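What follows is calculated from the coordinates using simple rules that are stated; it is not laboratory data. In this text, all values refer to a predicted model and were calculated from it rather than measured experimentally. Counting neighbours? That spans all protein chains shown, and the Cβs are built from the backbone with ideal geometry, glycine included.
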Amino acid sequence: MIYIQYTTKGAIWQVGEVVFDKSRKNLKKVYNRLNSNNLNRYVQAVDDKVLFLAIGGYNRTYELLVKMGAEKDEIATFSSLNLSRDFLAETDGKKVIYIKKINYVTSINKNLSFTIKKLDLNVADAFEESMMVYQTAQRMVGQGKSRKPWDKPKVVVLDDQSLNLQYEGHRFNYQNEIGFVQIRNRNADPQLILDEIKDVEEPKKMMFALYQMDVSTEIEIMNALLRISQAVQLRLSETEWALKPKDFKRLAGSQSLSAQLKEIPDLGIYQLSSNKKIGKENARWVVIPDKAFEFKGFDYKDENDLFNEELEMEEKKEQEFIQEQERMLNDILSIELPFNIKQGWIGKQMNSSVVTLQGFLDDVDNIETEKINGLELLSGATTKEEYNVIKKNNLAYFLDGNYKNDQRSDENYLGGRRLISIDVDDGNYEYSQIEESIESQGLFALVYPTAKHYYDGSKRWRIVLMADEEMNKEQYRSTVSGVAQMLGLEIDEASKKVSQLMGYPLVRKDVSIISGTMVSVSQFYVAPKLSSKNVLPMAKVSRSNKTLADFDHPQAKLLKEVLDGGVEEGKRNETYYQVYLYLRDTLNNPEMEIWHEEAAELIEVTKQQAEADGLPEKEIEAIYR
């Protein structure tokens, strides 16, 4: 390939006249057509496809066509492709139609004081239609005995000096096999262009090439750098030259170009912020590094380049997002938690240890196969009563946090809880809907089916999230309520207890891990402010020695009956309903605040006892609604 060479201090610039390799190929295809035997006006192949070529930013297109092999009398010059009688007569038997226009796709509104140039789709569409008609048009020329088929030129060259064919990014929708060529130097010698395409292969079809708007500026920049390289004498350092501002501006050729030279990062040219004396000269020097003279031109990008660059950026962002998600996920899964495990929910004693969530997940299948066998038990259950017994006595449960003497109750809670558990028992949600809801909030979560799902296929799911700090009882209540509301889920009072057990997953592969952030406790809980800075709050009694079953009240006596071993058949529905009313009224009564924690615990305990007594699930849901 032939290049224009610019010689400077320490470097040779090699710049081809044609922008983009595909443009060279388009030119070569037209060159081959003009020099092909089958374009002889007498033996031209009728089925040859018309080649449309737009040559942009060049002042010597006509000379180039002659240089490429078209004789002057074989070139018909017009400003449109209007198939008039005169047009047909003048183009018959010619090799090339040379379209010379100022505006192909724009309209110009001229006023006395201003001119507006804008994209006009009517102008663009009309020109595109004329090319489409020309592509397949068959006409007759002459009169009488001399009448014959029109021998139309099979090369149409659009002289696009103003780069107007791509004005405002316009692309033709239908006539999409126009080849585009852009020349760097408007007045380049046609022979240099021919030399450049000498060894180029022609393409299968004409190709689009995106016009580059800074080509003319690039030539000015390179010429300015050439002048500067020949003039600089003063070394500022081993790698830098210095010029006075006045000399730099003079060599650049204009105020705008001298400013632009200092703004191109690849050149590294800058001006000192204050005067500096070098030898006998004192000036606010313009500093030109050696690398400026190694500038080889802008890195032009065609549509494919830009598209691939966008893809690379998207992929990079995607990978960065994935890496950040993995980092957050690994951070969360590696957090150590005070962990308690229990088989069956009867009783308060638990076995404590310290584990990470990753360790918790890794142990799921081992616990199931070696200790629980929950899947086998649930698949063998034939009645709701059998299912309840399995839940009560056999399945594994866990709870994070520290508890006094490993005894599970809100009263014994010592702190350390980070996990937030929400059971999705209502709404008939699909598994994917739960995942999408959590992902939309950008939260980390484990999602897995509950025992009920494995028993009868119910759409029951458990969500386990991680808080960004340890929670006390009030924080846990506020946070679990806030997260449930954010996800649009209903939860009962028992779920707000800090000592509420959570069912262990039964199958590791059924646990979905959703990447995201931890739940912000401060988002849902605001610590109450003291009424006065100078007055200490009174000590708050959190629990009474008297239990709710000890009161001399009909409903309290029913509660005691439930806690003492259950209710006989025939009066279960009404008994449990009255007990629930008693506990709910306690929770809603501010004067009984010291029994609120116990009431919340007893609601869960009595609900479980109702299951053990054999009440159907729907009846229990109706009672405890």
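Projecting the Cα atoms of 606, 395, 521 onto the charge dipole of the chain (Cβ charges, centred on the Cα centre) puts 521 farthest toward the positive pole. Since only 81, 308, 19 are under comparison, the one whose Cα sits farthest along the positive direction of the charge dipole of the chain, derived from C-beta charges on Lys, Arg, Asp and Glu, is 81.
For a 23 Å ceiling on Cα separation, which of these pairs sit above it: 29/154; 291/316; 94/145; 384/459; 101/205; 100/154? Result: 291/316; 101/205 exceed 23 Å.
Go ahead and collect, in residue order, the members of the range 60-88 whose backbone nitrogen is under 16 Å from a label point 7 Å along the Cα-Cβ direction of residue 146. Residues 85-88 qualify, since their backbone N sits under 16 Å from the label point.
So if we plug the beta-carbon distance of residue 439 and residue 354 into 1/(1 + (r/R0)^6) with R0 = 41 Å, what FRET efficiency do we get, rounded to 0.05?
0.85
Against the main long axis of the alpha-carbon atoms of the chain, helix 554-563 sits at an angle near 80°. With only Cα atoms counted, the range 4-213 has Rg and Dmax values of 18.3, 72 Å. Using Stokes-Einstein with the Kirkwood hydrodynamic radius over Cα pairs, what translational diffusion coefficient do you get for the chain at 4 °C and a viscosity of 1.567 mPa s, in µm²/s rounded to a whole number? Using the Kirkwood radius from Cα pairs, D works out to 39 µm²/s.
What FRET efficiency would be calculated for the residue pair residue 469, residue 431, taking the C-beta separation as r and a Förster radius of 25 Å, to the nearest 0.05? With R0 = 25 Å, the Cβ-Cβ based efficiency is 0.25. Separation of the alpha carbons by more than 24 angstrom is noted, of 348/560; 392/497; 67/301, for 67/301. Working value for the range 239-322: equivalent-ellipsoid semi-axes of 38, 16, 11 Å, each the square root of 5 times a Cα gyration tensor eigenvalue, largest first.
A straight chain from residue 526 to residue 571 at 0.36 nm per residue would run longer than the Cα-Cα distance by 11.8 nm.
Relative to its Kirkwood radius, the Cα radius of gyration of the range 337-524 gives an Rg/Rh of 0.94. Annotation: amide H of residue 450 within the under-5 Å range of 460, 461, 462, sequence separation 5 or more or interchain, hydrogens built in the peptide plane. What relative contact order, as a whole-number percentage, does the range 4-213 give when Cα pairs under 8 Å and 6 or more residues apart are counted? Normalised by residue count, the contact order of the range 4-213 is 36 percent.
A straight Cα-to-Cα reach below 13 Å connects residue 117 with the aspartates and glutamates 168, residues fewer than 8 places away in its own chain not being considered.
Using the Cβ-Cβ distance between residue 336 and residue 563 with R0 set to 35 Å, the FRET efficiency from 1/(1 + (r/R0)^6) comes to roughly 0.45. The Cβ shell under 11 Å around residue 472 holds other residues with a net charge of -1, Lys and Arg each +1, Asp and Glu each -1. In angstrom, the C-alpha Rg and Dmax of the range 323-377 are 14.2, 44.
Counting only aspartates and glutamates at least 8 places from residue 72 when in the same chain, those with an alpha carbon closer than 15 Å to its own are 63, 90, 92.
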